[in-house]
Amino acid sequence: MGLKMLVVDDEASIVTLLTYNLEQSGYVVESATDGEQALELGLNNDYDMIILDLMLPVYDGLEVCRKLRERGITTPIVMLTAKDEEFDKVLGLELGADDYLTKPFSPRELIARVRAILRRVEQAGKVDEEEENEKVNVSLGDLTIYPDYHEAYLQEEALELTPKEFELLLYLVNHKGRVLTRDQLLKAIWNYEFVGDTRIVDVHISHLREKIEPNTKKPTYIKTVRGLGYKMENPALR
């Protein structure tokens with residue numbers, strides 16, 4: 001059986017179009033037409049991806065995304081929006097979406113995005129026994145990261161991180177002291193060009209700072225290097 005997708009849109013024509021193209025690409029598709037139904041399906045079924053429209057009856061797509069992430073559902077989510085406004089896109093990413101597409105879009109573009117995200121998930125899960133044995137816990141200042149368990153702690157208190165926030169934090173810590181450009185982080189964490197929109201990096205950096213910095217206005221871990229990007233520092237060495 002192919003990978004399982006959930007398509008959520010209140011426009012029947014969009015559901016039909018997406019379902020047809022996903023099934024032609026070998027995926028198994030289920031659908032929902034409002035946020036309440038989408039939330040119920042997302043919480044009670046295992047999907048490989050959720051394609052979620054922004055504007056929905058009952059609960060909108062942002063609310064569905066937020067509720068799923070709050071309940072620990074880490075299924076990749078692609079947001080669909082008819083509004084070409086950065087606010088909507090950024091907010092969706094802040095709430096845990098993995099990607100977004102602005103309507104109208106071509107089915108080919110959607111399939112390409114779906115495949116890119118699935119490849120990333122598959123690669124993240126492919127760790128052979130030798131690599132597994134070599135995995136070590138990472139500490140920096142009051143931060144401790146356990147890659148094996150996908151957990152991070154600040155002063156022994158568990159951090160509630162989205163999958164992308166965890167991946168970004170681990171990458172920054174593993175490259176501490178180095179200046180990393182937004183494009184470098186985009187390629188390393190999202191594994192493909194995000195339509196040239198490095199704003200997604202800034203959004204996730206901002207959220208990490210809110211969770212690990214004592215004072216977000218004067219960060220001690222994630223430093224901004226003006227005109228270049230970001231650098232992870234060890235506050236214990238300052």
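What follows draws every value from the coordinates through simple rules; no lab data is involved. Quick caveat: nothing in here was measured; it's all calculated off a predicted structure. All Cβ positions, glycine included, derive from the backbone under ideal geometry; neighbour counts span all protein chains shown.
Structure notes:
- In units of the rule-of-thumb radius 2.2 N^0.38 Å, the chain shows an alpha carbon radius of gyration of 1.06.
- Calculated [θ] (222 nm, deg cm²/dmol) that DSSP helices of n ≥ 4 give over the chain, each run adding -39,500 (n - 2.57): -13000 deg cm²/dmol
- In degrees, nearest ten, helix 61-70 long axis to first principal axis of the chain (Cα): 50 degrees
- Extended-chain gain in nm, criterion 0.36 nm per residue less alpha-carbon gap, Q184 and E11: 58.5 nm
- Gained length - R108 relative to K211, 0.36 nm times residue gap less alpha-carbon distance: 33.3 nm
- Most simply put, the chain has about 50% antiparallel DSSP beta bridges, counting only bridges with both residues inside it.
- Exceedance of the 24 Å cut-off in Cα-Cα distance is limited, within the set K67/K187; K67/K218; K103/K231; K211/K231; K164/K223, to K67/K187; K67/K218; K103/K231.
- Sequence ranges 164-171, 48-55, 207-214, ranked by mean other-Cβ count within 10 angstrom, highest first: 48-55, 164-171, 207-214
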